[in-house]
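Chemist: One structure, pasted below without further comment.
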Amino acid sequence: MLGSGDLRRYSRHLLIPEVGLAGQGRLRAARVLVVGAGGLGAPVLQYLAAAGVGTLGIVDDDRVDLTNLQRQVVFGESDVGRPKASAAAARVRDINAGVCVEPLPIRMVAGNARAIVRGYDVVVDATDRFATRYLVNDACRLEGKPDVYASIFRFDGQVSVFAPGGPCYRCLFPQAPPDGSVPSCAEGGVLGVLAGMVGTWQANEALKTILGIGTPLVGRLALIDALAGRVREVALATDPACPLHGDAPTIVDVSDDAPDDVAPAPRGVAPLAASELDAFLAARPLARILDVREPHERALGPAPQAIEMPSSVLEARLHELDTAVEYVVACRVGAKSRWATQRLYDAGFRRLRHLDGGLLAYAAARPEFPFF
Ligand SMILES: [Zn+2]
């Protein structure tokens, strides 16, 4: 299967008894789907391409943004604005022309998830959304494919392999965390190098799965703490109550009902589109923006004439607010503010609006606000 050029190219693999000629052939024959060409996908795609994995599918419906370059090292400055799937595919082809790349610039949804997953041997979940993780998990289990999972936030990462017969993501997290309780990387940030550390763990697990060597992270969750420089391991057991593959499964197909990582719009409060904010404030002299970003987030850009009250101290400072004033509650991307709006509503405030998409959406059309 391997030509003479391949023997030279993969010689450092061929020297390892656990890989060898047979293992390299397995890699060549393997079809791996990488869902998400972001911080985790960047090392996964590049190392799997370099390792000689024969076919790499890349699912991502996003475009490269300047803020991605801090950690998504599969892209360069010239890629900003390009679809991630095709930009990553170009990089993979440059690393290894022998790899067949299948860029899929679409969002994985219930309507296509199983059909996409079905065409591959191993699936790498490199997404950053809770809803997509449940979707990938369910599609993989229903199609009998191993799901190599990882996630990252700030300095912390976790990796596991949800293989048929072992525990799955729903065994680990039966329910999505409460709305707004877990910020995304866009909301809370992530150390760029952590994406590389955790993504390479993921690539390693994908390679081990293909080669059938070593001890896979099945039934085990590796917790990587970049700040402490420590890796811990937690044992995972199959949950008999798992709705996907427990004693009495209730999930027989994938659905888009999976919980999203964005809190629902606060009950009883109308959202305010970012494009309407200026006109809204101009028409209501008593209305104020309530900026619930933390001080370090405010350093990214000011909100016009806002009352600054970080969500972390909202509870303690509620008495400073006036129920007669109309507040437009705003944060950076509109997740924390949903929680804050709900809290204010529950505390008796009724003159509330919630800034949809956050100050990021407001600033997008205004060069005078240098948000990023
Ligand atoms: Zn399960």
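The values are calculated or read from the model by the stated rules, or taken from the named source; none is laboratory data. Computed from a predicted structure; not experimentally measured. Methodologically, a virtual Cβ is constructed for each residue, glycine included, from the backbone with ideal geometry; neighbour enumeration extends over all protein chains shown.
Chemist: Can you tell me which of (1) over 27 Å from Leu172 (Cβ atoms); (2) assigned to a helix (DSSP H, G or I) is the one Gly81 doesn't meet?
Modeler: (2)
Chemist: To continue, here is another question. Tally time: how many residues in segment 109-126 are under 22 Å from Trp201 (Cβ atoms) and either touching a His at 6+ places or on another chain (Cβ under 8 Å) or crowded, with 20+ Cβ neighbours inside 10 Å (or both)? Before you say what the answer is, go through the steps one by one.
Modeler: Filtering segment 109-126 down to residues under 22 Å from Trp201 (Cβ atoms) leaves 117, 120-126.
With either touching a His at 6+ places or on another chain (Cβ under 8 Å) or crowded, with 20+ Cβ neighbours inside 10 Å (or both) added as a condition, the list becomes 117, 120, 122-126.
Adding up the residues that qualify gives 7.
Chemist: Looking for whichever is at pLDDT 95 or above and touching a Phe, Trp or Tyr at 6+ places or on another chain (Cβ under 8 Å) here; the options are Val59, Val32, Val53. Which one fits?
Modeler: Numbers: Val59 fails: touching a Phe, Trp or Tyr at 6+ places or on another chain (Cβ under 8 Å); Val53 fails: touching a Phe, Trp or Tyr at 6+ places or on another chain (Cβ under 8 Å).
So the residue among Val59, Val32, Val53 that is at pLDDT 95 or above and touching a Phe, Trp or Tyr at 6+ places or on another chain (Cβ under 8 Å) is Val32.
Chemist: Which one of these does Leu21 not meet: (1) assigned to a helix (DSSP H, G or I); (2) under 23 Å from the mean Cα position of the chain (by Cα)?
Modeler: Among (1) assigned to a helix (DSSP H, G or I); (2) under 23 Å from the mean Cα position of the chain (by Cα), Leu21 violates only (2).
Chemist: Could you tell me which residue of segment 134-158 is farthest from the ligand (Cβ to nearest atom), considering only residues that are of a type in the set (Lys, Arg) and either outside any helix (DSSP H, G or I) or free of Cβ contacts under 8 Å to residues at least 60 places away in the same chain (or both)?
Modeler: Step one: filter segment 134-158 for residues of a type in the set (Lys, Arg), giving 141, 145, 154.
Imposing the further condition that a residue be either outside any helix (DSSP H, G or I) or free of Cβ contacts under 8 Å to residues at least 60 places away in the same chain (or both) reduces the set to 145, 154.
Numbers: Lys145: 14, Arg154: 27 Å.
Checking each candidate, the answer is Arg154.
Chemist: Still on this structure, please answer the following. Please note which strands (runs of 3 or more DSSP E) are completely contained in segment 209-324 and include at least 3 residues that are touching a residue at least 12 places away in the same chain (Cβ under 8 Å) and either more than 16 Å from the ligand (Cβ to nearest atom) or surrounded by 17 or more Cβ atoms within 10 Å (Cβ to Cβ) (or both). Don't jump to the end; show me each part of the working.
Modeler: Numbers: elements: 220-225, 230-235, 270-273, 288-291, 306-308.
Answer list for segment 209-324: 220-225, 270-273, 288-291, 306-308.
Chemist: Residue by residue through segment 146-160, note down the ones that are surrounded by fewer than 24 Cβ atoms within 10 Å (Cβ to Cβ) and touching an Asp or Glu at 6+ places or on another chain (Cβ under 7 Å).
Modeler: Within segment 146-160, Phe155, Asp156 meet the criteria.
Chemist: Which pairs do you get when a residue that is modelled with pLDDT of 95 or more, found in segment 184-204, comes within reach of a residue that is among the hydroxyl-bearing types (Ser, Thr, Tyr), reach meaning Cβ atoms under 7 angstrom, with the pair 6+ apart or on two chains?
Modeler: Listed by first residue and then by second, the contacts come to Thr200/Tyr47; Ala203/Tyr47.
Chemist: Collect the residues in segment 32-71 that are assigned to a loop (DSSP other than H, G, I, E, B) and of a type in the set (Val, Ile, Thr), keeping them in residue-number order. So that I can check it myself, show each step before the final result.
Modeler: Start the filter on segment 32-71 by keeping residues that are assigned to a loop (DSSP other than H, G, I, E, B), which leaves 36-40, 52-54, 60-62, 64-65, 71.
Answer for segment 32-71, where residues must be assigned to a loop (DSSP other than H, G, I, E, B) and of a type in the set (Val, Ile, Thr): Val53, Val64.
Chemist: Follow-up. One residue is enough: does segment 113-126 have a residue meeting the conditions of a type in the set (D, E, K, R), in a helix (DSSP H, G or I), closer than 24 Å to Leu27 by Cβ and within 16 Å of the ligand (Cβ to nearest atom)?
Modeler: Residues of segment 113-126 of a type in the set (D, E, K, R): 114, 118, 121, 125.
Narrowing further to those that are in a helix (DSSP H, G or I): 114, 118.
Now narrow it down to the ones that are closer than 24 Å to Leu27 by Cβ: 118.
Subsequent filtering for residues that are within 16 Å of the ligand (Cβ to nearest atom) retains none.
No: zero hits.
Chemist: Looking at segment 159-175 only, could you name the residues that are part of a loop (DSSP other than H, G, I, E, B) and within 12 Å of the ligand (Cβ to nearest atom)? Steps first, please.
Modeler: As a first pass, look at segment 159-175 and keep what is part of a loop (DSSP other than H, G, I, E, B): 163-168, 173-175.
The answer is Ala163, Pro164, Gly165, Gly166, Pro167, Cys168, Phe173, Pro174.
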